[in-house]
Structure formats: C-alpha cells, structure tokens
1. Hey, what did region 135-225 get for relative contact order, percent, Cα under 8 Å, at least 6 apart?
2. At R0 = 45 Å, how high is the FRET efficiency between Lys145 and Tyr206 if r is their beta carbon distance? Nearest 0.05 is fine.
3. Residues of region 57-95 with amide nitrogen under 17 Å from the 7 Å Cα-to-Cβ point of Gln32?
4. Pull up all non-local amide H partners of Ile211: gap of 5 or more, or a different chain, and H-to-H distance under 5 Å with H placed in the peptide plane.
5. Sort 120-133, 147-160 by the packing proxy (mean of other Cβ within 10 Å over each peptide's residues), most packed first.
6. Largest first and in whole Å, give the semi-axes of region 7-114's equivalent ellipsoid, each being the square root of 5 times a Cα gyration tensor eigenvalue.
Amino acid sequence: MVGHAGARLLADVADATGLTGAFGEALAGLRQRQGGHDPGRVAVDLAVMIADGGEAIADLAVLLRDQADLFGAVASDPTAWRLLSGMDSEALARLRMARARAREVAWAQTCETRGGLPAATAAGLPIPGLVLDLDASIVICHSEKESATRTWKKTFGYHPLFCFLDNTREALSGLLHEGRVGSNTTADHITVLDSALEQIPDAHRYGTEVIIRCDSAGCTQGFLAHIRSLREHGINTFFSVPLPTVTTTCGTGPKSTQSLYSIDPVTAAVGRDRPALPVGRHSLVDLAVAATMILERVAEPPRAGGDILAMHAERVRASPPVRGRRIATFWP
C-alpha cells in the first residue's frame, strides 16, 4: 500500500503561486494544437507525479490519470513525451525563470503570514541568513538509458549535482551528470551555485548572509574564489567546506586527531562569541583565501548536525593544520 495523500495540494500550490501559468507561457511554443493540453499543466502534472514517487512517464496513469475526479484531465503518455522531447536549452532557461517568479510569490506569502523564512539550524542553534547545500547524488537506473553509466559506487545510473536551500528544504538547482562523472569539477559547482542564486528573490539574495556548504568535492580554489567574488556583486557570501588535515603523533603514543575549523573573523556567522585569533603560517597552499581564521577544537570528532556551533570558546585555540583528516570549515 502506498499513500498519495497531499499530491493534489502540490498542484494547488503551483496554481496559487502562478507556476502553472508561467510554465504555460514558457512552453507555449511546444503546444501543437489550441484545443490540446496546456503545456504548463502537463509540466506541473509531471512534477507532481515525480514528487509522488513516479519514475517513468507511464506512471502518470497510475498516480494521476486514474484519479480524474481529483486531478482533472491528465495528458496521455505520448503527449507528455512530446513535451519533454521538444524542450531545449532555451526552453529550460524559460522554465527556470518561471520557477523563480513563482518562488518569489511563495516566499512573499510566507514572509507575510509567518514573519519570515524559517532559519536553518545546526546543533539546535539557528544559523543566520540562508544556507545552501551543494552535493552530488547517485540516481540508480535499472535499464539502459541515455547517458546512464557505471558509477564510482559500482552501481549504474546518473551522478547529478544538486543545490538545496536548508532553510526551506527546497531544491533550487541541479545539473545532470553521467554516472562515471566525478563530483569535484569547479565549473559544475559554479554553474549549480549561480543557478541556485538566480532562484532566490532579490529581496533575500541581497543584504542577507548566504552560507554555501558542500563536501570535499567543493574544496577547490576556483570554486571558493568564485564564492568570494560574489561579494563584489552585492551578495554577502560565506562557505563551509571540509579541509584535509594531518594526523599528529604525541611521542610514542597513538595518533591523535584534531579538528580544525575556519570561520569569518569579522562577522563570524557561526560562533559570534569567539574571540578573533590570528592565523599562523599554515600550509594551506592555494586554499589560503584571505581573511580566514583557523581554529582547533581539542575534543572528540565532530558529531553530525553541525557540531561546530556547539564548540565552546574556552576549548578553541589557534593551531597548525593536522594532515589526514577532514574537517568542517567556514571561509569568508
């Protein structure tokens, strides 16, 4: 038994925010006859189908078409197929613009009724501003599909790169990759981040702290430098990435692990109660972006859920890097 309660509400949200109409305008050129299905409605139905667990166009019949009293007239499989096959890069760009306009309406309604967007949290503490998470994910395919290949996890499918907004759990952007493609390409991270920022309404994109978090795949000089360069365009950006460190040996005893963190010494978006500590001559090579503070937490390894916010100032001191471990870092 599979529950599909709430699927109709997704379509209602698309209608209320103007997304259905905006999709219709963006895909108007793909409408083959005036009396046929509206392309915007077909696109929304496909999105609802995927959100409801669909994996193929044929699932339109199971999830939506068989419930005509609830969803109304739903396009046939060939109609949905023709719509998808007719999309090109220009059509996708128009769809992204339509999503951005609808998101602006939805966020305005949220701020009006709830006083603002929800805050992202870590270790039970709120993080000011917006928090964007970039990460790649394995999408399994059970049959031969276009661009599906063997993945680095020895599975078969795709390896797309996504950007999510932690505050609202929204998927802002994504980039489809073959399964064999790595996830540490600077150009791809920049593309996905820029597309995600375009989805954020101007009222929130400018004048609000934006923290970009990603795993070690995003710990490249080009990507971090791009994040810093966004400040020149009025976007107050920060980043949190893992940084490889060394393992030290205390005398003849066992190896000890030390977790390093880097935060902004000016605004210190996470840990405003910590004093500013000078940066020593550390071997950060190209990753030593200006105005970065390295802090060491002498304690057990970080716990899941943003342990950095739970650090106490008295347990933090300046330290050289320690090789062999990955750590959560905040770079200005």
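What follows draws every value from the coordinates through simple rules; no lab data is involved. Keep in mind that this is a model prediction, so the values were computed, not measured. Here Cβ is always computed from backbone atoms with ideal geometry, including for glycine, and neighbour counts include all displayed protein chains.
1. Numbers: 137 pairs, mean separation 21.6, N = 91.
The value is 24 percent.
2. Working: r = 40 Å, r/R0 = 0.90.
Using R0 = 45 Å, I get an efficiency of 0.65.
3. From region 57-95, the list is 57-58, 74-88.
4. Leu130, Val131, Leu132, Phe238
5. Values: 120-133: 18.1, 147-160: 15.8.
Per-residue mean Cβ counts within 10 Å order the peptides as 120-133, 147-160.
6. Numbers: eigenvalues 100, 66, 28 Å².
Taking √(5λ) for each eigenvalue gives 22, 18, 12 Å, largest first.
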